[in-house]
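Dropping a structure here in C-alpha cells format, bear with me for questions.
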Amino acid sequence: MLGGELAFAAALAALLAAGLSLPLGAALAVALALSLLVPGALVATSFVIAALLAPGEGGGLLYRGRALLSEAIEFNLAVLAMAVPRESRPPAIEVGAAVPGKRAARPLLLLHGIVCNYNIWRPWIARLQAAGFGPVRALNLEPLSADIEVHAARVAQELRALQRETHGAPVSIIAHSMGGLVARAALRLLPAECVGRIVTIASPHHGTRLARGFPWSPTMRQMSPDSAWLQALNAAQEGHLAAPLTSIYSLEDNLVVPPRSARLAGTPAHELRGFGHLGLLSSRRAIEQTLAALAQA
C-alpha cells in the first residue's frame, strides 16, 4: 500500500513538473499532499458503502463524522506501521518471558485482521506490559489470502507452544477483525484448558455484507453473512463456547456491516460510538475494556 502511494506521488509529481512547469521540489510536495487524499477517499467510500448496505445503523452525523475523520488518520498510520520490515519475533512484540520463581506467567497472543500484520499491535505493547502480561506474542497470519482454517491451525500450534513455555498457564487472546474468527476456529483444535479468555475487537462473528463484494477471496467468502463455514462455526459455538469471550465493537464500523454482527450471542459485549474499524485499535476505551475483560481470566 505504501509503495503504491509513493509510486502514485512520483508519477503525479512528474506530470505536474512537466505540465505546469513547476520546480521538481514543489511538484513533489504537491503530489505527496494529494497522495494523502487517496487513503482518505478509500475510507470515505467504505463509510458510504456501509451506510448503503445497512441503512439506519450507526449514529448521527457527529458520530459518523468523528469516525470517518479518525479512520482516515488511523488508516495512514496503520499503513506506515505495517510497512516496517517484519521479523519472525521482534523484541518489541515479544514482551516478558516465563521465568521460574518469579511472578506467574500471563501469556497473551495477539491476532490481527485481514490484509494486516502484527505491527498493528505496537500501540498496545506498553499497556499490556504495564498490566503484567507476559510473554506477549503477536503472529503474522500468512499467506494473507489463506483459508481461515489454515490460520487457525497455525494459531493452535502457537497456543500450545506458549502454554508449554509457561508451564501450562492458559493463554488469553486479543483479536482484531478476522483474527476473532481465527481464534474461534482454533478453539476447535485445542483442549479446553489451553485458552483462558478471548477478547475480539470489531470481529464479524456473523459476517459482514462488504465481503460479498470480494467473491474471489476465500477468506472474504468465509466472512460473508451467508457463508456455510461461518454458519457452521456459529451453530457449534454460539451459546456454548469453549472459552469465555468478550466482544468490543463500534456502531460506526465502516467494514463490519452491520456493526452488531460483531456480537456473539451469550457473551458479554461492549458497544462504542464514533470509531471506525481501525480506529478501535487506538481507542483508549477499547484498550481499557480489553484489559478489564482479561483481568477476569
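Read-outs: derived from the displayed coordinates by stated rules, not from any lab. Computed from a predicted structure; not experimentally measured. No Cβ is skipped: glycine too gets one built from the backbone with ideal geometry, and neighbour counts run over all protein chains shown.
7 Å from Cα along Cα→Cβ at both Ala235 and Leu61: what's the point-to-point distance in nm?
4.6
Under a Cβ-only charge scheme (Lys and Arg +1, Asp and Glu -1), can you give me the dipole magnitude of the chain about the Cα centre, in debye to the nearest 20?
For the chain, the charge dipole is close to 600 debye.
Given the Cα-Cα distance of Leu53 and Ala146 and 0.36 nm per residue of separation, how much length would full extension add, in nm?
Value of the extension gain: 30.9 nm.
Restricting to Cα pairs below 8 Å that are 6+ residues apart, what does the relative contact order work out to for the stretch 2-82? Please round to a whole percent.
This gives 29 percent for the stretch 2-82.
So for the pair Ala44, Leu69, with labels modelled 7 Å out along Cα→Cβ, what separation do we get in nm?
1.5
Could you go through the stretch 229-242 in sequence order and give the Karplus-derived ³J(HN,Hα) for each residue, using 6.51 cos²θ - 1.76 cosθ + 1.60 with θ = phi - 60°, rounded to whole Hz, and x for Gly and Pro?
4, 5, 5, 5, 4, 5, 4, 7, 10, 5, x, 8, 6, 6
Farthest toward the dipole's positive end in the stretch 108-294, which of Gly134, Ile173, Ser261, given Cβ charges of +1 (Lys, Arg) and -1 (Asp, Glu) about the Cα centre?
Result: Gly134.
Can you order the peptides 47-54, 19-26, 196-203 by their average number of other Cβ atoms within 10 Å per residue, highest first?
In descending order of packing, they fall as 196-203, 47-54, 19-26.
Taking the Cβ of each residue in His270, His277 as the centre, tally the other Cβ atoms inside 10 Å and list the residues starting with the fewest.
His270, His277
Let me ask something else about it. For Gly276, which sequence-distant residues (separation of 5 or more, or a different chain) have an amide H within less than 5 Å of its own amide H, given hydrogens modelled in the peptide plane?
Distant-sequence amide H within range of Gly276: Glu71.
Okay, helix-only estimate at 222 nm for the chain: each DSSP H run of n ≥ 4 adds -39500 (n - 2.57), divide by all residues, round to 500 deg cm²/dmol; what do you get?
About -14000 deg cm²/dmol.
Any idea what angle helix 148-165 forms with the longest principal axis of the chain, computed on alpha-carbon atoms, 0 to 90 degrees, nearest 10?
50
Give the residue from Pro215, Leu22, Phe75 lying farthest towards the positive end of the charge dipole for the chain; charges sit on Cβ (+1 for Lys and Arg, -1 for Asp and Glu) and the dipole is referred to the Cα centre.
Selected residue: Phe75.
With 10 angstrom as the radius, rank Ser247, Ser282, Ser145, Ser35 by how many other C-beta atoms surround their C-beta, starting from the fewest.
Sorted ascending by nearby Cβ count, the order is Ser145, Ser282, Ser35, Ser247.
Estimate the FRET efficiency between Leu15 and Arg273 by the formula 1/(1 + (r/R0)^6), using the beta-carbon distance for r and 41 Å for R0, to the nearest 0.05.
Computed FRET efficiency for Leu15 and Arg273 comes out at 0.45.
If you rank Glu142, Glu149, Glu74 by fewest surrounding Cβ atoms within 10 Å, what's the result?
The order, fewest Cβ neighbours first, is Glu142, Glu149, Glu74.
Taking the DSSP beta bridges in the chain as the whole, what percent of them are antiparallel, to the nearest 5?
Beta bridges within the chain, antiparallel portion: roughly 10 percent.
Something else now. Relative contact order of the chain, please, whole-number percent, based on alpha carbon pairs below 8 angstrom and at least 6 residues apart.
18
Return the whole-Å distance between the Cα centroid of the stretch 4-18 and the Cα centroid of the stretch 193-270.
If we compute the Cα centre of each part, the gap is 40 Å.
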